[in-house]
Amino acid sequence: MLFFNKISSFFFMLILTFTSLFGLPFNGYESKQLFNDIGFENGFTVMSQKTENGVGIELGDFTYGDNTESPDWMIAQWNSGNCLWENRIESDKFTITDGLTKTVIYNPYDKSVSMRLNAANIYNGEAATYENWPHLLLEQSPICDYFLLDEKDKSFYNCSAYRIILSLDIRLEDFKDTTNKYGVNATQYLAYFYLKGADNNKFIWFGVNLFDSRGYMDETWALDEGSGQMIYSLSTKDTFGSKRNSLFRNGKPYVSDEWTHIEIDLKPYIEHAMVQANKSNTFGKEVSAEDFYIGGTNIGFEIHGNYDCTVGIKDFKLTSYNKI
């Protein structure tokens, strides 16, 4: 078993090296953007902090122009104090805020989104607890009805696609340490992709670590107690190519007005998640990338802790490549 693990790790690293050396495929391949409205131009549907029979409740649309297109993106705000819709403050057409805990600002000039979550206000100075878990997420799901697609379109959404390239620009715009010595003091901003079973029965939270105030994060394969599903998450180095390029530098969060570019082929990491699933017998039988498709994503703050943090993102793309 130890020998098998070493061989698996060797081939995984070989795939990553090949990817980094030979770049992105263009000639002989065709591509598809998996998410709609990559510039967030159509605004957002604000979701309730509650669900009804397990289904999210739409509260209203936050839009900022004459565009009549319906939003593709949602703002999810589970367990986050004031309701961003019911307690919204009218300021300008590009800003939605409850004035206390949550703010989302759209910048039409570079099509970027700034997200602020003041989690310290949620706890009113008390220790952070798991039960009162602040979220501020941009979500797009579902992105397609996978089971109604023809075989060619399915091949782009399926995790067996030749390459699945994530690219985005990100920056840490502000960070206030609001440490409470009796509570959890952690900030985590990440992207999760929903790897859904092509047979309707499987699910993996596939995470890309974008910022963590605790420092550099290692690869993760663990059970998410809240959902009962498994999480696979890339390490800080996986995401940024080098720890030095991350939003945590020189032992502290790196606040800057400069954008940091991320571009990474998720395919080998998806393959590695399959190895982990099979090692732990997560699904009771062997699985492969072909057994999953990308059904959605969320981007944002997803951890309980005392902090006041603002992150900006733009050009969030997930591009799938297949041979012509």
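The values are calculated or read from the model by the stated rules, or taken from the named source; none is laboratory data. Keep in mind it's a predicted model, so treat the numbers as computed, not measured. Neighbour counts run over all protein chains shown; Cβ positions are idealised from the backbone, glycine included. We work out accessible area using only protein heavy atoms, side chains counted, and drop any ligands, DNA or RNA first. Shrake-Rupley method; radii C 1.70, N 1.55, O 1.52, S 1.80 Å.
Numbers below:
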quantity: The stretch 95-113-the stretch 31-94 distance, computed between alpha-carbon centres (Å); calculated: 11
quantity: Sum of -39500 (n - 2.57) over DSSP H runs of 4+, divided by residues of the chain (222 nm, nearest 500); calculated: -4500 deg cm²/dmol
quantity: Phi-based couplings in Hz for the stretch 99-114 (Karplus 6.51, -1.76, 1.60; Gly and Pro marked x); calculated: x, 10, 10, 10, 9, 10, 10, 9, 10, x, 6, 10, 6, 9, 10, 9
quantity: Accessible surface of the stretch 138-230, 1.4 Å probe, proportion on carbon and sulfur as whole %; calculated: 45
quantity: Placed amide H near Phe248: partners under 5 Å, 5+ positions off or other chain; calculated: Tyr254
quantity: GNM flexibility winner over the chain from Tyr157, Tyr269, Tyr109 (Cα, springs under 10 Å); calculated: Tyr109
quantity: Rounded to whole Å, sorted largest first: equivalent-ellipsoid semi-axes of the stretch 127-278, Cα gyration tensor; calculated: 30, 19, 14
quantity: Among the listed pairs Lys50/Lys317; Lys111/Lys279; Lys237/Lys314, those beyond 32 Å (Cα-Cα); calculated: Lys111/Lys279
quantity: Note, ³J(HN,Hα) from phi for the stretch 313-322, Karplus 6.51, -1.76, 1.60, rounded to Hz, x at Gly and Pro; calculated: 9, 7, 6, 7, 10, 10, 10, 9, 10, 9
quantity: Three-way shape label, the stretch 105-158, alpha-carbon gyration tensor, a/c 1.5; calculated: oblate
quantity: Pairwise centroid distance, computed over Cα atoms, of the stretch 245-313 with the stretch 139-200, Å; calculated: 7
quantity: Helix 267-279 vs. the chain, principal-axis angle (Cα, 0 to 90°, nearest 10); calculated: 80
quantity: ³J(HN,Hα), Karplus 6.51/-1.76/1.60, whole Hz, each residue of the stretch 45-59, x for Gly, Pro; calculated: 8, 7, 9, 5, 7, 10, 10, 10, 6, x, 10, x, 9, 7, 9
quantity: Relative pair counts by distance (%), Cα atoms of the stretch 31-188, 10 Å bins; calculated: 9, 32, 33, 20, 6, 0
quantity: Rel. contact order, % - alpha carbon contacts under 8 angstrom, at least six apart, the chain; calculated: 27
quantity: Carbon and sulfur %, accessible surface of the stretch 64-134 computed with the full protein complex present, 1.4 Å; calculated: 46
quantity: Whether the stretch 145-189 is rounded, prolate or oblate, judged on the alpha carbon gyration tensor where a/c under 1.5 counts as rounded; calculated: prolate
quantity: Per residue, in Å², the accessible surface of the chain once ligands and nucleic acids are set aside, probe 1.4 Å; calculated: 49
quantity: Gyration tensor over alpha-carbon atoms, the stretch 69-117, equivalent ellipsoid semi-axes in Å; calculated: 19, 13, 11
quantity: GNM top mover of Asp218, Asp145, Asp72 - the chain, alpha-carbon springs below 10 Å; calculated: Asp145
quantity: Magnitude of the charge dipole, the chain, Cβ model with Lys/Arg +1 and Asp/Glu -1, debye to 20; calculated: 1140
quantity: Residues with amide H under 5 Å from that of Asp174, placed H, sequence gap 5 or more; calculated: Thr310
quantity: Among Asp174, Asp265, Asp199: highest mean-square fluctuation, GNM of the chain, C-alpha pairs under 10 Å; calculated: Asp199
quantity: For Arg163, residues with placed amide H under 5 Å, excluding near neighbours; calculated: Tyr321
quantity: Nearest 10 degrees, 0 to 90: helix 2-22 Cα axis against the chain principal axis; calculated: 70
